[in-house]
1. Please specify each residue of segment 64-78 satisfying the condition of being over 13 Å from TYR30 (Cα atoms) and not aromatic (Phe, Trp, Tyr).
2. Go through segment 40-90 residue by residue and tally those that are part of a loop (DSSP other than H, G, I, E, B) and of a type in the set (Gly, Ala, Ser).
3. Which one of these is surrounded by 15 or more Cβ atoms within 10 Å (Cβ to Cβ) and modelled with pLDDT of 95 or more: LEU146, LEU191?
4. Give segment 166-186 a look and list any residue that's under 16 Å from LEU111 (Cβ atoms) and among the hydrophobic types (A, V, I, L, M, F, W, C), or say none.
5. Within the group LEU218, LEU232, which residue is in a loop (DSSP other than H, G, I, E, B), more than 25 Å from LYS95 (Cβ to Cβ), of a type in the set (A, V, I, L, M, F, W, C) and out of contact with any strand residue (DSSP E or B) (no Cβ under 6 Å at 6 or more places or on another chain)?
6. Does segment 15-35 contain any residue that is at pLDDT below 90, assigned to a helix (DSSP H, G or I) and of a type in the set (Lys, Arg)?
7. Looking at VAL196 and the list (1) part of a loop (DSSP other than H, G, I, E, B); (2) surrounded by 10 or more Cβ atoms within 10 Å (Cβ to Cβ); (3) not assigned by TED's automatic domain parsing to the domain that holds ILE124, which single condition is not satisfied?
8. GLY162: surrounded by fewer than 20 Cβ atoms within 10 Å (Cβ to Cβ), within 15 Å of VAL99 (Cβ to Cβ) and not basic (Lys, Arg), yes or no?
Amino acid sequence: MSLSRRFGPSRTRDEGRGIPDATVARLPVYHRVLRGLADDGVLTVSSDHLAAACGVSPAKLRKDLSHLGSYGTRGVGYDVSYLSYHISRELGLSKPWGVVIVGVGNLGHALVSYRGFASRGFEIVGLLDSHPDVIGERITTSGVDLVVRPMAELEAVVADSGAHIGVIAAPADAAQSVCERLVAAGVRSILNFAPVVLVVPDEVEVRKVDLAVELQILAFHEQRRVDDAAQLPKVMPA
């Protein structure tokens with residue numbers, strides 16, 4: 001079994017279906033906005049209005065949605081519920097996906113407390129940690145009580161819960177070994193919060209979340225603005 005390194009966001013399995021990675025990355029935004037419109041009682045929405053709400057151009061929106069099929073009507077726009085359903089189906093949200101979180105420290109607790117998982121098609125089904133002070137802790141998420149289990153039971157938790165997605169919120173020095181155990185247990189989709197690049201088999205998808213990197217990118221743009229402002233000609237008062 002060959003191994004490959006994933007640098008940043010990995011490729012999607014939709015390449016063969018003609019859906020570009022950039023489009024896949026925007027679909028959750030479209031879905032979130034459409035759900036909000038539906039909650040507000042909006043029945044139809046124009047491409048211009050929907051694009052503005054999603055922060056993209058109308059042309060980009062229409063091109064993205066064309067990869068899913070033709071769900072709009074000229075002069076009318078998009079049926080909000082119908083389009084939301086098709087995007088949800090494309091994203092695989094027609095059924096809940098079991099998620100197991102490894103590492104229940106501050107970050108792990110924050111993830112468990114996030115209420116958006118259930119409404120977006122994800123169910124936390126297992127919690128694991130190696131620290132004796134955390135093991136055995138009972139945490140309620142989406143109305144379900146979960147007990148933090150020891151790392152020795154990782155494989156059993158994945159098998160018993162039927163988890164499809166693993167979240168690594170463990171320290172950097174433990175992330176690779178955690179990843180390997182998740183893969184060996186049958187997990188093929190991993191969200192990694194540890195600041196390391198994971199080595200995984202070709203059939204495993206890894207998405208990396210690195211807040212420090214995102215802050216550094218923002219700092220880069222801030223510095224560019226500072227530099228540009230310093231280069232502006234000084235205007236002498238009259």
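The values are calculated or read from the model by the stated rules, or taken from the named source; none is laboratory data. Given the structure is predicted, the values throughout are model-derived calculations rather than measurements. Counting neighbours? That spans all protein chains shown, and the Cβs are built from the backbone with ideal geometry, glycine included.
1. Scanning segment 64-78 gives SER66, HIS67, GLY69, SER70, GLY72, THR73, ARG74, GLY75, VAL76, GLY77.
2. Of all residues in segment 40-90, those part of a loop (DSSP other than H, G, I, E, B) come to 40-43, 46, 55-57, 67-71, 74-76.
Imposing the further condition that a residue be of a type in the set (Gly, Ala, Ser) reduces the set to 41, 46, 55, 57, 69-70, 75.
Of the residues in that region, 7 qualify.
3. Only one candidate qualifies: LEU191.
4. VAL167, ILE168, ALA169, ALA170, ALA175, VAL178, LEU182, listed by residue number.
5. Of LEU218, LEU232, the one residue that is in a loop (DSSP other than H, G, I, E, B), more than 25 Å from LYS95 (Cβ to Cβ), of a type in the set (A, V, I, L, M, F, W, C) and out of contact with any strand residue (DSSP E or B) (no Cβ under 6 Å at 6 or more places or on another chain) is LEU232.
6. yes
7. Every condition holds for VAL196 apart from (3).
8. yes
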